[in-house]
Structure formats: C-alpha cells, structure tokens
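One structure is given here, and the rest of the page talks about it.
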Amino acid sequence: MGVIERVVEPGFCSGCGLCAGLCPSEALEMGLNSSKDVVPILKGECSECGLCLDVCPFSGEDPGIDDTAEGLFGDVPGISQNPVSGFYLSLWEGHVCRKDFRKRGASGGMASWFLTRILEQGLVDAVLSAGPDESRPGFWTFIKAKTPEDVISQAGSVYHPVPIDAVIREILLENSHDRYAVVALPCLAYGLRKAMKRIPRLKEKVAMLVSLTCGLMPNRRYSEYISLESGILPEDMSYINFRYPPGEPDSSNYRHVAFSRKGEQGRPVPVKGLPDLLWRHEVFLQSGCLICDDVFGETADAVFMDAWLPEYERDTRGNSLVICRTPLAEKMIRDGMEDGECEVREIVYERLMQSQKETLLVKRHLLAGRLARLEGMGVSFPERRVAADRKVFQDNGKYFRFCEKLKAAAQQVELETFEDLEAFNRLIGSFLEEENRMLVEGESPFESTE
C-alpha cells in the first residue's frame, strides 16, 4: 500500500510534493483532485519501494516530529523545549530596518532579510522559496533565488499549496555542489528531514531549513474564489498577491489581489469577511492540513511568523517573531541587531504563545475535536500528538455543525465565472450573518472582533 491509498484517498495530503519528487519509478505527479486539493496522482507503475510513505509528513511512519527534532536540536547548549512550540534557543520580536525588506515582506521583512544575509555570507549558494510558476500561470512552484534581489522578489506569503517535486528532482540531478536553504511550511520541513535521513545526496544539498508558521493552507478553490472576487476569471489569473497592504490601520485586514496574465491588477479583497469565514470553518482548505498539529515548524532551524499582538494591530508596516533553534540562526539575528539592520529584542515564551493564539486554537484545541469527529465516523488517521477528545467535539458542537453546513453549501457552486461568484455570495452570505450571531452569543470558539 502506497501514499495514494494510505494518505491521499483518506484525505490526509498537504500537497507538499515530496513523494512525487522522490519516487524512484517516477510513478507520481502532482495534480488536482475533485475537491481541488493539490495531491499526487498515480501516472505510472508503482514499484512498492515504500519511499513515498517514508518521506510523507502524514503517513504516520517513524521517526515522528518530536523524535526528529530531538535528534536535531536536543544537544544544542542552552536550548529549551516546550510540547507546543518544540525546541527554541532564543525568541525574537521586531522588524528589518535595511532597504525595503519591511515594505516588501509580509510581516516585518525578517524572513527575507535572514535569507539574504545567509546568502551574502556564503552559507548557502541559493534559496528555494515559493513563487509564481511562469510555465503554468495561476499556480505556484519553488524557485531558485541566487542573489539578494531574487530573494526580495519572492518576498510575501503564498496561500496556495506549493509542491516541491520539480525542484527536488532538479537539485538531486544537478552536477554542482550548490547547497540550499529551503523555505518550508511545517509539514514540508518535517518531510524533508525524513527524506534527508533516507537520501544522503539530499542531506548534502539542503544546508538549512527555514519555516513559516502555518494556520492551515487553502486549496485551489480558494484561489479561484479570490480571483473572481478580485475581478479576474480564474482561467485568466496569473498570480495573487496574498498580502497586499490594508487600506486602513488594521494589520490583520490585509488584502488579496489577483493579477491577470496581461498584467492587469484586480480589486483588493479584504480578508475580513467571507475569506476569514471560509478559513475559520474548514472551507476550501487542503484536507491534510485539518489533521496537522505542527504550528511552529518544529524541525526547522529558524521559524518566522507575524507578530499578531495587540500593540501592532494598527501598525500595517508589519512585525515579526522569530524562533532560533541553532547557534548559527541566533548569530544571524544578533549580528543584524548589532549592525543596525534589524530592530529586534529578545522575548519570553509567553509572548510567542500570545501572538499565535488563534492558530493554536485551530491546530491544537479544535484539532482534538476534529480527530474525535473522525473517530466517530470510523475513519482511521495517522497518530497525532494531540489526542482525540470527545468533550472538545461536544463542547463545540454548534461550531462543528456550522462547519459541515458551510462546507456542504460551498461545494454546491462552481467558481469559474462571475455568475458563479454571485450565486456563491448569495448562498454564503447568510452564513456570515449566522457566524456573527454565534460570535456575539459566545457559541463560537473564536473571539468577536466587534
């Protein structure tokens, strides 16, 4: 039994693309399923070697995240550990002062600056990060950035699955001795660590893993919806700027803006409203993300995230939090502070938790309820570090029932034309009103922003 039967068909795939990129038989390719999740599709004959399951972050195959992280960071002098965040050598908060990193980045510019710094110092030869796929407009892929300018051009978050299959095949076959820093979401970082244990050549090529926190990844349907809301047909969409600056002093109400293949910019779409409604209630999400328990990229050397903190609510320039797990990552941050390239300060663990409060609610607390729901349906799932909890499911019964109703309604309408969008908004608009009522009456696990 391979990754298709064990992971994809039950609905546990995150679309990372490792299985397709590393399959020795080249039997897998990444595509879209009926829900428009990005998943591997069987295109050739499987040799049943088992490599796809060994590297898959959702197969349940050992080593697990905790054991993997222990082997990487457990012996680092002075390191701390927490069951929720994993290991951390130091925690930082701030933003970049150098050039226009802060303006171009999604959250203070720290990730792009850090990647540029290690590239300039020759610690890596290139950075692998997500960017628009020029060979397939409207999709995203991993792109090699060999200069600081290349890194800056790829700044910004991508809320669409980005499989790594093509670039993994490329770097394993190349004759050069180039070494890479890979910017990965938590699932991909963990899968890469497992793959690096199995494939010595990959371990030689990947010098550093940099992760971004993840609060569940939207699937292809979400991008089609945003493209239509932005005034561009999905078939004409080239890419989406998912972190367009907000038009008012509210850092969490950033915009999504689609661009056509002719370079035309669409209308900015505020995330507060229907986009947030969909995300909060499991709609148009990559299915495997719904069983993910890794918020903080626990197997990565350094992790970057938005500083979702009260004092920054009106600061739309962006601010970052950083987890350093290695002395090298910590040195980069300290040197940047001393050189005046960054304005950062070391913070306590509680501040890290406060900044990701809503993501932790979704990927930890509510995950226990989602797993209990799967158990009740008789669905087997890979072992998670969060235990299924029937009480969490029952205590949030109205929320979970609302999720199921909303998902069923959202699937009734295709999102290919502007007429489809009108029908979708008419259908989903009533759910927005119901969610507002649930928030006011305390029937939602989320907090009202009113």
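Sort segment 70-113 into rounded, prolate or oblate with this rule: let a ≥ b ≥ c be the square roots of the eigenvalues of the Cα gyration tensor; rounded if a/c is under 1.5, and if a/c is not under 1.5, prolate when a/b is larger than b/c, oblate otherwise.
Judged from the Cα gyration tensor, segment 70-113 comes out prolate (a/c at least 1.5, a/b above b/c).
Applying 1/(1 + (r/R0)^6) with R0 = 25 Å to the Cβ-Cβ distance of residue 383 and residue 412, what FRET efficiency is obtained, to the nearest 0.05?
0.10
What ranking do 298, 350 get, fewest neighbouring Cβ atoms within 10 angstrom at the top?
350, 298
Using only helices, what value at 222 nm comes out for the chain when you add -39,500 (n - 2.57) per DSSP H run of length 4 or more and divide by the total residues, to the nearest 500 deg cm²/dmol?
-10000 deg cm²/dmol
Which pairs, out of 103/398; 43/197; 144/405; 144/407; 103/363, put more than 31 Å between their alpha-carbon atoms?
Among 103/398; 43/197; 144/405; 144/407; 103/363, the Cα-Cα distance tops 31 Å for 103/398; 144/405; 144/407.
In whole Å, how far is the Cα centre of segment 203-274 from that of segment 420-440?
21 Å
For segment 321-370, state the semi-axes of the equivalent ellipsoid (square roots of 5 times the eigenvalues of the alpha-carbon gyration tensor), sorted largest first and rounded to whole angstrom.
Listed largest to smallest, the semi-axes of segment 321-370 are 30, 11, 8 Å.
Taking the dipole about the Cα centre of segment 352-450, with the C-beta of Lys and Arg at +1 and of Asp and Glu at -1, give me whichever of 360, 417, 440 is farthest to the positive side.
360
Which of the listed residues, 259, 131, 289, is farthest toward the dipole's positive end in the chain, when Lys, Arg count +1 and Asp, Glu count -1 at the beta-carbon?
Sorting the options by dipole projection puts first 131.
Distances over 18 Å make up what percent of all Cα-Cα pairs in segment 242-395?
Result: 70 percent of Cα pairs exceed 18 Å.
Relative contact order, percent, of segment 217-356 when contacts are C-alpha pairs under 8 Å separated by at least 6 residues?
Contact order relative to length: 20 percent.
Would you work out if segment 379-435 is rounded, prolate or oblate? Take a ≥ b ≥ c from the square roots of the eigenvalues of the alpha-carbon gyration tensor; rounded if a/c is under 1.5, else prolate when a/b is larger than b/c, oblate otherwise.
Taking the square roots of the gyration eigenvalues as a ≥ b ≥ c, segment 379-435 is oblate.
Taking only C-alpha pairs under 8 Å that are 6+ residues apart, what is the relative contact order of the chain in percent?
18 percent
At q = 0.11 Å⁻¹, work out log10 I(q)/I(0) for the chain with the Debye formula, treating every Cα as an identical point scatterer and leaving solvent out; two decimals please.
Those come out to -0.87, one per q.
What FRET efficiency comes out for residue 425 versus residue 26 if R0 is 41 angstrom and r is the Cβ-Cβ distance? Round to the nearest 0.05.
0.45
Dividing the convex hull volume of the alpha carbon atoms of segment 353-417 by its residue count, what do you get in Å³ per residue?
139 Å³
Taking N as the number of residues in segment 64-190, what value does Rg over Cα atoms divided by 2.2 N^0.38 Å take?
With N residues counted in segment 64-190, Rg over 2.2 N^0.38 Å equals 1.16.
Please compute P(r) over all alpha-carbon pairs of segment 182-271, binned at 5 Å starting from zero, and give each bin as a whole-number percent.
Binned Cα distances yield the sequence 3, 14, 16, 15, 12, 13, 11, 10, 5, 1.
Once you have the Cα-Cα distance between residue 351 and residue 80, take 0.36 nm times their residue separation minus that, and quote the gain in nm to one decimal.
Residue separation times 0.36 nm, minus the Cα-Cα distance, leaves 96.0 nm.
Give the aspartates and glutamates whose C-alpha is closer than 16 Å to that of residue 262, dropping any in the same chain fewer than 8 places away, or say none.
133, 134, 235, 236
Taking the number of other C-beta atoms within 10 Å as the exposure measure, put 118, 168 in order starting with the fewest.
By the 10 Å Cβ count, ascending, the order reads 118, 168.
Ranked highest first by average number of other Cβ atoms within 10 Å, how do 256-266, 98-108 line up?
Ranking the peptides 256-266, 98-108 by packing returns 98-108, 256-266.
What's the magnitude of the charge dipole for segment 366-422 around its Cα centre, counting Lys and Arg as +1 and Asp and Glu as -1 at the beta-carbon? Answer in Debye, nearest 20.
With only Lys, Arg, Asp and Glu charged at Cβ, the dipole is about 640 debye.
Around residue 342, which amide H atoms from residues at least 5 apart in sequence, or from another chain, sit under 5 Å from its own amide H, with H modelled in the peptide plane?
97, 337
Could you compute Rg(Cα) / (2.2 N^0.38 Å) for segment 242-333, with N its residue count?
1.35
Can you tally the net charge around residue 205? Count Lys and Arg as +1, Asp and Glu as -1, for every other residue whose Cβ sits under 13 Å from the Cβ of residue 205.
Residues close to residue 205 contribute a combined charge of 0.
Provide 66, 75, 339, 306 in ascending order of the number of other Cβ atoms located within 10 Å of each residue's Cβ, fewest first.
Placing the least packed residue first, the sequence is 75, 339, 66, 306.
Run the dipole for the chain about the Cα centre, Lys and Arg Cβ at +1, Asp and Glu Cβ at -1, nothing else charged, and hand back the magnitude in debye, nearest 20.
200 debye
Counting pairwise Cα distances across segment 305-449, what percent come out greater than 28 angstrom?
46 percent
Tell me whether segment 256-296 comes out rounded, prolate or oblate; compute the Cα gyration tensor, take square roots of the eigenvalues as a ≥ b ≥ c, and use a/c under 1.5 as the rounded threshold.
Verdict is prolate for segment 256-296.
Readers should treat all values here as calculations from the given coordinates under stated rules, not as data from a laboratory. Bear in mind the structure is a predicted one, so any value in this text is a computation, not a measurement. Ideal geometry is used to build each Cβ from the backbone, glycine not excepted, and the neighbour counts take in all protein chains shown.
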